[in-house]
Amino acid sequence: MANKEQVVHELDRVIDLIKTRASDIPADTKEQMMKETIQNFDQYVSPGWLRYRKSVSSENDGYAVLEWEDGGAYFYGLNGEKFLDCLGGFGIYTAGHSQPEIVDVVKAQLDRQGLHSQELLDPLRGYLAKAMAEITPGDLQQCFFTNCGTEAVEMALKLARFKTGGRWFVSTVRAFHGKTAGSLAVGGKGTYREPYLPLVQQVTHVRYGDAEAMRVAIENLEAVGEKLAAVILEPIQGEAGVIVPPPGYLKEVRKLCDEHNIPLILDEIQTGMGRTGTMWRCEAEDVVPDIMTFGKAFGGGVMPITGFICRPHMWSEELIDNPYLLGSTTFGGNPVCCSAAIATIRFMLAHDIPGQCRDKGAKLKAGLEANWKKYPDLVDEVRGAGLMLAVEFANDEIGYEFSKNMYAHKVIIAGTLNNSKTIRFEPTAVMTDEEIDFVIKAVEESLAQTKKTLKL
């Protein structure tokens, strides 16, 4: 263990930096921070993080962009770099960066209390659960709050097994539901599953968007005496490359689940909270799941909070008798995170964030499609809904080069975990029309540069 006084002295220095705006940090201190950050990631986090980031350049004396501040539609680097965010933290920043209407509420809560006692009643959890019941479709009612998306999925899977007594789950190929053991088991890409096999064994995967394949899987399992716990789906597959299913698909799956008395879990962690043009994507097809997970933008881009909401028939007497039987997450539903979610819901309703996502998404998608027509040899497809959009390129090399060129234009985008040649566009809903025009122009120039660099 290091000398205690040395550690305290070092952390005092870091705390002083935390309290300082980038404009007030001396140039030599910024340079020192850059070198220390690269060294810390290399030695104490993982060298892979450095290789993965476009913001780290080995060609320029170890230069790196350190994100230090944000606001509106932008991230700001320590040295004044300004990046228009079209990645959105993979869906976190729908309400924008450091949205004052949300930050002010969180600050007010922190001035009173951060976490909860675990024994007394914390009122914000109750207020938030009621608000969720009011803004979700159908009779969704009981809430359970967690800390990250995969934890919410784990609890949803446990609830389905507990309620039905079933053991089998039906999921889809290339699905993404998180990376803990249960969530990974219902995930649909081998790269992330294979190192940890065997996972939860009783999972079968069918082709996404194919209701007939879902029907056959369910009937085959029942024919050999297996009992199903649930079907789990993303209303739009996110990490697979923003795959939008055929119209009516969710309704068909809902009908199948009803016919076979199987709970339907919809994973709205990325598609929900207005991102796709309605508060929840399942509303676009007038479908009510038995369990729905939520997260990403739920904390307003300020605090981490996720969870699930279910219909009353899923909440059995055993769970009423023992509230800890499903899970006892220490920080789930804590007051400061609940305050962020409450402020986020209010902000989204008051400013019609779903409508803004719908309208701004239509404009951005039209611009992306216009560039697709100009470069059909580079781009295979543009797809998505609202501000959850994707551009699929002819191959990985083109997508990677395009991403680098967009970064040079100071626009942050990224690929997907389950489909590396697809680039996602998930900007904030507070992005202006002028900023959308800037992105579309950057896309056109980046495609032209990509074509020139790769000599296509």
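Report the net charge of residues surrounding Gly295, where surrounding means a beta-carbon distance below 13 angstrom and charges are Lys +1, Arg +1, Asp -1, Glu -1.
Values: positive: Arg275, Lys296; negative: Glu151, Glu154, Glu234, Asp267, Glu268.
Residues close to Gly295 contribute a combined charge of -3.
How big is D for the chain, in µm² s⁻¹ as a whole number, if Stokes-Einstein is applied with the Kirkwood radius of its Cα pairs at 20 °C and 1.002 mPa s?
D = 91 µm²/s.
Of the GluC sites (Glu not before Pro) in region 107-209, which ones lie in a loop per DSSP and count no more than 12 other C-beta atoms within 10 Å?
Working: sites: Glu119, Glu134, Glu151, Glu154; in loops: Glu119.
Answer by residue number: Glu119.
Work out, in µm²/s and without decimals, the Stokes-Einstein translational diffusion coefficient of region 86-168 at 10 °C, 1.306 mPa s, Rh from Kirkwood over C-alpha pairs.
Numbers: Rh = 16.0 Å.
So the translational diffusion coefficient is about 99 µm²/s.
Quick one: accessible area per residue over the chain, 1.4 Å probe, rounded to a whole number of Å²?
Each residue of the chain exposes 47 Å² on average to a 1.4 Å probe.
Determine by what factor the alpha-carbon radius of gyration of region 388-456 differs from 2.2 N^0.38 Å, reporting the quotient. Before the final figure, lay out each step's value.
Details: Rg = 11.9 Å, N = 69, 2.2 N^0.38 = 11.0 Å.
My calculation over the Cα atoms of region 388-456 gives 1.08.
Return the carbon/sulfur percentage of the accessible area of the chain, one whole number, probe 1.4 Å, all protein chains in place. Could the numbers behind the result be given before it?
Numbers: 11390 of 21300 Å².
About 53 percent, which is the carbon plus sulfur part of the accessible surface.
Evaluate region 302-456: find the radius of gyration of its Cα atoms, find its Kirkwood radius, and give the ratio Rg to Rh.
Values: Rg = 20.7 Å, Rh = 18.4 Å.
Using only Cα positions, Rg/Rh for region 302-456 is 1.13.
Just to check, using Stokes-Einstein with a Kirkwood Rh over alpha carbon pairs, what's the diffusion coefficient of region 40-150 at 20 °C and 1.002 mPa s in µm²/s?
Values: Rh = 18.0 Å.
Answer, rounded: 119 µm²/s.
So which chymotrypsin sites (Phe, Trp or Tyr not before Pro) in region 156-231 end up in coil per DSSP with only 10 or fewer other C-beta atoms within 10 Å? Kindly include the intermediate steps, with their values, before the conclusion.
Working: sites: Phe162, Trp168, Phe169, Phe176, Tyr192, Tyr196, Tyr208; in loops: Phe176, Tyr208.
Taking region 156-231 and a limit of 10 other Cβ atoms within 10 Å, no loop chymotrypsin sites (Phe, Trp or Tyr not before Pro) are found.
Could you work out, for region 194-330, what percent of all Cα-Cα pairs fall into each 10 Å distance bin, beginning at 0 Å and stopping at the bin that holds the largest distance?
Result returned by the calculation: 10, 35, 37, 17, 1.
Scanning the chain for helices, which whole DSSP H stretches are 27 Å or more long along the axis (Cα) and average -0.5 or more by Kyte-Doolittle? The partial results should precede the final answer.
Working: long enough: 353-374 (31 Å, -0.99); 433-454 (31 Å, -0.32).
Helix filter hits for the chain: 433-454.
With a bin width of 5 angstrom, please list the P(r) values of region 223-277 as percents of all Cα-Cα pairs, from the 0 bin to the one holding the largest distance.
Computed distribution, short to long bins: 4, 17, 23, 23, 16, 10, 4, 1, 0.
Let me have the 222 nm mean residue ellipticity of the chain computed from DSSP H runs of 4+ only, each contributing -39500 (n - 2.57), with the sum over all residues rounded to the nearest 500. Could the numbers behind the result be given before it?
On the way: 16 runs with 192 residues, N = 456.
Taking each H run of at least 4 residues, the total per residue is -13000 deg cm²/dmol.
The values are calculated or read from the model by the stated rules, or taken from the named source; none is laboratory data. This structure is a prediction, so every number in the text was calculated from the model and none was measured. Heads up, the Cβs are rebuilt from the backbone with ideal geometry, glycines too, and the neighbour counts pull from every protein chain shown. Ligands, DNA and RNA are excluded from the accessible area calculation, which covers all protein heavy atoms including side chains. Shrake-Rupley method; radii C 1.70, N 1.55, O 1.52, S 1.80 Å.
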